[in-house]
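These notes concern the structure reproduced below.
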Amino acid sequence: MYSARCRLAVARHTSNVRHARCYQWRIKGRSVGFRAMRGARSSEDQAEDTRGQLCLSVSAFSVGVACLGLLVYLMFTSYWLFPALYFTWQLLDWHTPERGQFGRRVDCVRRWKVWQHLSNYFPIKLVKTAELSPSRNYILGCHPHGIISMGAFACFSTESCGFAQAFPGVRSTLAILAGLFRLPIYRDYIMSAGMRPVSRHSLEYMLTRRGVGNAVVIIVGGAEESLACAPGINTVVMRNRKGFVRLALECGADLVPVYSFGENELYKQVVLPEGSWGRRLQALFKQIMGFAPCLFLGERWLFLPYRTPITTVVGSPISVPKLQSPTEERVDHYHTLYMEALTELFHKHKAGCGLADTHKLQII
């Protein structure tokens, strides 16, 4: 009897030890698996960073100039027929960007996977604050310009931030420098992405001859605003820029303020003081070429931007009547309403986008 009880106790003890060891093994397996998962996740993040940096390298580089140089080089080789045919076709197709036709817009280009990697790198987020009816046309004024307007590019010329899902039935079109549409091959890409020249003829065509549901995005500050951007500075150039308001009145398009928080944090720039010889040279270059030569420095390889989150907030539309010949008083009235709406949008969302309550929006 005693020996049987001893054997039973020993068996129970042995079974408990085995269960304990199995439990320890399971715990160790989970911890090892967790560490492996963390290592895999870290590798995925590193791969995402690499893809984002590659996308930025390609996009930040002067792709249009490279395409032009390639075609010029091919002209002096046995493949001269290809650039000759392309240049001939480009001359015949010279005015297509100004007409703002949607026939060259390709939605699959706007949904390329490369744009998702680009948005995830910072990351870039689109915030919707109000509905945009597809039965109206809109002019979205985007601020600030920054160095490369990355927030406007990702949100309105690609679908990486989900513009089509946020505003169903509304087509966004980013208006950019007209000179870029003169560069061979590159012009075809930016047209397929839905971008158009920021000229009056092109914008009028988009707002009057393409039906409704059009959202034309204009970076109001332009090249002059890029000269004033720097980390920690929230300055927009628009106090004397009223052309987009007059265009909205003539076309009956509602005005929508947009602010990209974090856009000015992407690069460190040497802001030259007003009146200095360096600033005068920048202004002269901008007057001749259409864009300003900024003295900036990035995080890696000098030109890659700092990895700073960008939040592009789309405000509420300002209802604008259609007037064939708006007076200066009406233009000033809606221009004032727009500046007030932009200021309210900035102060309402600045805390949620990482800015302190002491930050102010300076309109010059």
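The values are calculated or read from the model by the stated rules, or taken from the named source; none is laboratory data. Note that the coordinates shown come from a computational prediction; the quantities given were computed from them, not determined experimentally. All Cβ positions, even for glycine, are placed from backbone atoms using ideal geometry, and neighbour counts span all protein chains on display. Accessible surface areas use protein heavy atoms only, side chains included; no ligands, DNA or RNA. Shrake-Rupley method; radii C 1.70, N 1.55, O 1.52, S 1.80 Å.
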Here segment 311-316 yields Karplus 3J(HN,Hα) values (6.51, -1.76, 1.60; θ = phi - 60°; whole Hz; Gly and Pro given as x) of 10, 9, 9, 9, x, 7
Which lysines does Lys128 reach when only Cα atoms under 16 Å apart count, and residues fewer than 8 places away in its own chain are ignored?
Lys348, Lys350
Arg279/Gln362 FRET efficiency (R0 25 Å; Cβ-Cβ; nearest 0.05):
0.90
Once the convex hull of the alpha carbons of segment 239-283 is built, what does its volume come to per residue, in cubic angstrom?
126 Å³
Using the Cα gyration tensor of segment 219-364, with a ≥ b ≥ c the square roots of its eigenvalues, what is the shape: rounded (a/c below 1.5), prolate (a/b larger than b/c) or oblate (neither)?
oblate
Unit-weight point scatterers at every alpha-carbon of segment 208-255, Debye formula, q = 0.19, 0.28 1/Å: log10 I(q)/I(0) is -0.72, -1.09
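Please work out the FRET efficiency for the pair Leu92 and Val63, using the Cβ-Cβ distance as r and a Förster radius of 30 Å; give the result to the nearest 0.05. Before the final figure, lay out each step's value.
Working: r = 23 Å, r/R0 = 0.77.
Computed FRET efficiency for Leu92 and Val63 comes out at 0.85.
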Based on Cβ point charges of +1 for Lys and Arg and -1 for Asp and Glu, what charge dipole magnitude is obtained for segment 76-191 about its Cα centre, in debye rounded to the nearest 20?
160 debye
Taking the alpha-carbon centre of each part, the distance from segment 253-271 to segment 86-138 in Å is 19 Å
Regression test value, accessible area per residue of segment 183-341, probe 1.4 Å, units Å², expected 44 Å²
Along segment 231-246, Karplus-curve 3J(HN,Hα) (6.51, -1.76, 1.60; θ = phi - 60°) to the nearest Hz, with x for Gly and Pro, reads x, x, 10, 10, 10, 10, 9, 6, 4, 10, 9, 10, x, 5, 6, 4
Given H placed on each backbone N at 1.01 Å, which residues far from Ile310 in sequence or on other chains put an amide H within less than 5 Å of it?
Ile124, Lys125
P(r) over all Cα-Cα pairs of segment 186-301, 5 Å bins from 0 to the longest distance, whole percent per bin, short to long, reads 2, 9, 16, 18, 18, 18, 11, 6, 2, 0
Which of rounded, prolate or oblate describes segment 91-223 when judged by the alpha-carbon gyration tensor and an a/c cut-off of 1.5?
rounded
Using θ = phi - 60° and the Karplus form 6.51 cos²θ - 1.76 cosθ + 1.60, what ³J(HN,Hα) does each residue of segment 320-327 get, whole Hz, x for Gly and Pro?
10, x, 9, 10, 5, 9, x, 7
In segment 273-341, which trypsin sites (Lys or Arg not before Pro) fall in coil by DSSP and have 16 or fewer other Cβ atoms within 10 Å?
Arg307, Lys322
